[in-house]
1. Working only within the stretch 87-102, note down all residues that are near the ligand (Cβ under 10 Å from one of its atoms) and either surrounded by fewer than 19 Cβ atoms within 10 Å (Cβ to Cβ) or within 22 Å of residue 224 (Cβ to Cβ) (or both).
2. How many residues are more than 15 Å from residue 194 (Cβ to Cβ) and over 25 Å from the mean Cα position of the chain (by Cα) when one looks only at the stretch 139-167?
3. Residues to consider are 78, 90; find the one that is in contact (Cβ under 8 Å) with a residue 24 or more places away in the chain and part of a loop (DSSP other than H, G, I, E, B).
4. Taking residue 25 as meeting all but one of (1) outside any helix (DSSP H, G or I); (2) more than 16 Å from the ligand (Cβ to nearest atom), write down the number of the exception.
5. Looking at 111, 116, 106, can you tell me which residue is more than 12 Å from the ligand (Cβ to nearest atom) and out of contact with any Leu (no Cβ under 6 Å at 6 or more places or on another chain)?
6. Kindly indicate whether any position in the stretch 7-15 is assigned to a loop (DSSP other than H, G, I, E, B), of a type outside the set (A, V, I, L, M, F, W, C) and within 16 Å of the ligand (Cβ to nearest atom).
7. When residue 170 is evaluated against the numbered criteria (1) more than 14 Å from residue 101 (Cα to Cα); (2) out of contact with any strand residue (DSSP E or B) (no Cβ under 9 Å at 6 or more places or on another chain), which criterion, by number, is the only one it fails?
8. In the stretch 40-59, which residue that is crowded, with 19+ Cβ neighbours inside 10 Å and assigned to a helix (DSSP H, G or I) is farthest from the chain's Cα centre (by Cα)?
Amino acid sequence: MDLKELAAAEAVRYVEDGMVVGLGSGSTASIAIKLIGDKVKAEGLEIVGVPTSKTSDLLGRAVGIRIVDLDDHPTVDLTIDGADEVDPRLNLIKGLGGALVREKIVAAASVVEIIVADESKLVDYLGQKAPVPVEIVKFSFKTTMRRLTGLGCKPVLRMGGDAPFTTDNGNYIADCRFERMDNPTVMESIINNIPGVVDNGLFVGRASKAMIGTRDGIRIIEKQF
Ligand code: 5RP
């Protein structure tokens, strides 16, 4: 079985009748959404889905999940979402798919947040492989990027073809590569303190567990309290 599918299938076992389920974004979360759709049909589950992007909204509807608004269902029982990096403490970098703002809003509303990923996402420390995506408003974005440089990273404006990539919220993304990040908790706040920043892809202390698909089978990482 594909490693992403292995992880997604393990997480979908936690979906139960009556739940409000957060629908993550990215290729692994999309596999989970399809499997949730299969489970809804096979078991006749009455669940509703809160999407974290326009893509997960469309996919959820296509596979038969009733899509609702977070404002009408402010407590999400379980969210299944992907990640770009997972460190040993279950801290994450997310947002290479561009959905980090909605993903963090839904994660903050979730009782349980399960991360699904293949083993290539495991790192010793955040920033080891991936940049930190930072969503920034278009107004004066070069000024915002200069301020990000002052934090010791190298921000690169994400492109989508010839034009800058635009998020579901109508903003740009600066991908910020850090040499090394010793304190992601502090960095998450410092980045968000820069005027023009909407939010960033550091997810510290938000995941409950991670289902990691490995060549030796499923590996589950639990949150350490
Ligand atoms: C999107 C995300 C995704 O969850 C992350 O990029 C992982 O995607 P994939 O499962 O395709 O590797 O944060 O904003």
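1. Correct list: 92, 93, 94.
2. 1
3. 90
4. (2) is the only condition that residue 25 fails.
5. On inspection, the qualifying residue turns out to be 111.
6. Initially, the stretch 7-15 is screened for residues assigned to a loop (DSSP other than H, G, I, E, B), giving 13-15.
Narrowing the set further to residues that are of a type outside the set (A, V, I, L, M, F, W, C) leaves 13-14.
Imposing the further condition that a residue be within 16 Å of the ligand (Cβ to nearest atom) reduces the set to none.
Within the stretch 7-15, none of the residues are assigned to a loop (DSSP other than H, G, I, E, B), of a type outside the set (A, V, I, L, M, F, W, C) and within 16 Å of the ligand (Cβ to nearest atom).
7. The failed condition is (1).
8. Result: 40.
The values are calculated or read from the model by the stated rules, or taken from the named source; none is laboratory data. Every value quoted in this text rests on a predicted model; they were computed, and no experiment measured them. Neighbour counts run over all protein chains shown; Cβ positions are idealised from the backbone, glycine included.
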